[in-house]
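Here's the structure, in structure tokens; my notes come after.
The values are calculated or read from the model by the stated rules, or taken from the named source; none is laboratory data. All figures in this text were calculated on a predicted structure; none of them were measured in a lab. Cβ: placed from backbone, ideal geometry, glycine included. Neighbour counts: every protein chain shown.
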Amino acid sequence: MADRPVGFGRRDHAGRVAPAGTPSLDDESMARLLPDRAKRGHKGTFGKLLVMAGSLDYAGAALLVCRASGRAGAGLVTLAVPESLQPLFASKVVEATTMALPEDDVEEVDPEPALAKILDNEHDALVIGPGLRPSLAAADLLRLILTSLEEGLNPPAVLDAEALRTLASVGEWWTGVTRPCVLTPHAGEFARLRAGSGHDPAEDGDLNEDDEARVRAASAAAAEWGHVVVLKGANTVIAAPDGATAMAPFENPAMATGGTGDVLAGTIGALLAQGLAPFDAARLGVYLHGLAGELVRDRLGDAGLLAGDLPEALPIVRKRLAGIAERLQAGRRLGFGARPADPDRDGGPAEAGTDE
């Protein structure tokens, strides 16, 4: 069969050719991006992620982001929600902590006090948007977060879902943003963002079927907005403001189900929190997410995958990439044999001819 599973359970994508000048993500290049895991590290070592997501109608989105973040390696995850909803979410998240944001009405955040509480929380990256309730107060809080200065530090942010819809309604939203961002729109959200930036989305071409059009549009948007753009869909495109682009090799119909984008946002956010630069975090996050999807697809088939299946597969595919990373390190001994002596720990190699 031409489509036999290979490697991590991925199908062979050798027949698909990425547009000229756009590298296709692969095992080796992505393995090199994996953040280090210090043997003596602790939960603070591996990144603190703050998630602003979820609402009464879309509680699942926040839970998926938090679950994916932990499975992608983040050390600490905090979910920030309106204080009236905190009891609901606190009873659902297990590993994550929750933060109650001040309200001026039920489920309506009070923007300035909420900002103060967010800035007072120590974090290395943010995810904003999945499942948020549309409101003027939430939009104002997003604006304050993106334009504030945290004592000279500006942790990066992943912007998804409602955060993207809010930006689409603000002309030249990018001019006042003080932190690096990764935007993760699907084709419809991307079209709204382009329209809000003064472009005719029709001129971008077919962003569902035409990979060359997808690369051109994502690259143009990243350059104009000054932030990394992840244009989701089959063969997801990642574009950086400096013109660098990449394309994922995955075309997986099983992933076409609600909540998979929330898992991607959490995965990228976790990698940002672990210290990867936005373009690297976006590429590796897309790749891990795609590998996880294909691992589940091999087990379930082209239909029936649930977004909640993906977080459990993330550490499995990450582990396999880590194995590739080890093999790529020159001189590393593999297999079950004893490791070479470490002079720093063992007092140096024994002298020839001695009894040591």
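Mind checking which helices (runs of 4 or more DSSP H) fall wholly inside the range 246-336 and carry at least 2 residues that are free of Cβ contacts under 8 Å to residues at least 12 places away in the same chain?
Values: elements: 260-273, 278-300, 310-328.
Ranges flagged: 310-328.
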Search result, residues across the range 78-93 that are among the charged types (D, E, K, R) and modelled with pLDDT of 95 or more: 83
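Quick check on the range 249-257. Is at least one of its residues at pLDDT 95 or above and either within 11 Å of the chain's Cα centre (by Cα) or under 15 Å from residue 33 (Cβ atoms) (or both)? Please lay out each step first, then the result.
Going through the range 249-257, the residues at pLDDT 95 or above turn out to be 249-257.
Those still in the list that are either within 11 Å of the chain's Cα centre (by Cα) or under 15 Å from residue 33 (Cβ atoms) (or both) too: none.
Scanning the range 249-257, I find no residue that is at pLDDT 95 or above and either within 11 Å of the chain's Cα centre (by Cα) or under 15 Å from residue 33 (Cβ atoms) (or both), so the answer is no.
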Single condition residue 304 does not satisfy, out of (1) in contact with a helix residue (DSSP H, G or I) (Cβ under 9 Å, 6 or more places away or on another chain); (2) of a type outside the set (Ser, Thr, Tyr); (3) surrounded by 13 or more Cβ atoms within 10 Å (Cβ to Cβ): (3)
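So, in the range 94-125, of the ones that are part of a helix (DSSP H, G or I) and under 29 Å from residue 37 (Cα atoms), which residue ends up modelled with the highest pLDDT?
Kept after step one, since they are part of a helix (DSSP H, G or I), are these residues of the range 94-125: 111-120.
Now drop any that are not under 29 Å from residue 37 (Cα atoms), which leaves 118-120.
On the way: 118: 95, 119: 92, 120: 92.
Among those that are part of a helix (DSSP H, G or I) and under 29 Å from residue 37 (Cα atoms), it is 118.
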Hits in the range 36-82 - residues which are surrounded by 20 or more Cβ atoms within 10 Å (Cβ to Cβ), without any contact (Cβ under 8 Å) to a residue 40 or more places away in the chain and out of contact with any strand residue (DSSP E or B) (no Cβ under 7 Å at 6 or more places or on another chain): 63
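Please pick out the residue among 137, 163 that is of a type in the set (Gly, Ala, Ser), under 25 Å from residue 275 (Cα atoms) and buried (at least 17 other Cβ atoms within 10 Å of the Cβ). Talk me through it step by step, then tell me what you get.
Values: 137 fails: under 25 Å from residue 275 (Cα atoms).
On inspection, the qualifying residue turns out to be 163.
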Members of the range 129-143 found to be part of a helix (DSSP H, G or I) and either over 18 Å from residue 177 (Cα atoms) or of a type outside the set (Lys, Arg) (or both), listed by number: 136, 137, 138, 139, 140, 141, 142
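Which of the following residues is of a type in the set (A, V, I, L, M, F, W, C) and buried (at least 23 other Cβ atoms within 10 Å of the Cβ): 215, 177? Step through it out loud before you land on a result.
Working: 177 fails: buried (at least 23 other Cβ atoms within 10 Å of the Cβ).
Testing whether each residue is of a type in the set (A, V, I, L, M, F, W, C) and buried (at least 23 other Cβ atoms within 10 Å of the Cβ) leaves just 215.
Does the range 281-299 contain any residue that is surrounded by fewer than 17 Cβ atoms within 10 Å (Cβ to Cβ) and under 26 Å from residue 42 (Cα atoms)? I'd like the intermediate steps shown before the answer.
Pass one, the range 281-299, residues surrounded by fewer than 17 Cβ atoms within 10 Å (Cβ to Cβ): 298-299.
With the extra rule that they be under 26 Å from residue 42 (Cα atoms), the set shrinks to none.
No, because not a single residue in the range 281-299 is surrounded by fewer than 17 Cβ atoms within 10 Å (Cβ to Cβ) and under 26 Å from residue 42 (Cα atoms).
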Number of the condition not met by residue 207 [criteria: (1) within 24 Å of residue 270 (Cα to Cα); (2) crowded, with 17+ Cβ neighbours inside 10 Å]: (1)
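Has the range 10-23 got any residue that is among the polar types (S, T, N, Q) and closer than 20 Å to residue 286 by Cα? Before the answer, list the steps.
Narrowing the range 10-23 to residues among the polar types (S, T, N, Q): 22.
Narrowing further to those that are closer than 20 Å to residue 286 by Cα: 22.
Checked the range 10-23: at least one residue is among the polar types (S, T, N, Q) and closer than 20 Å to residue 286 by Cα.
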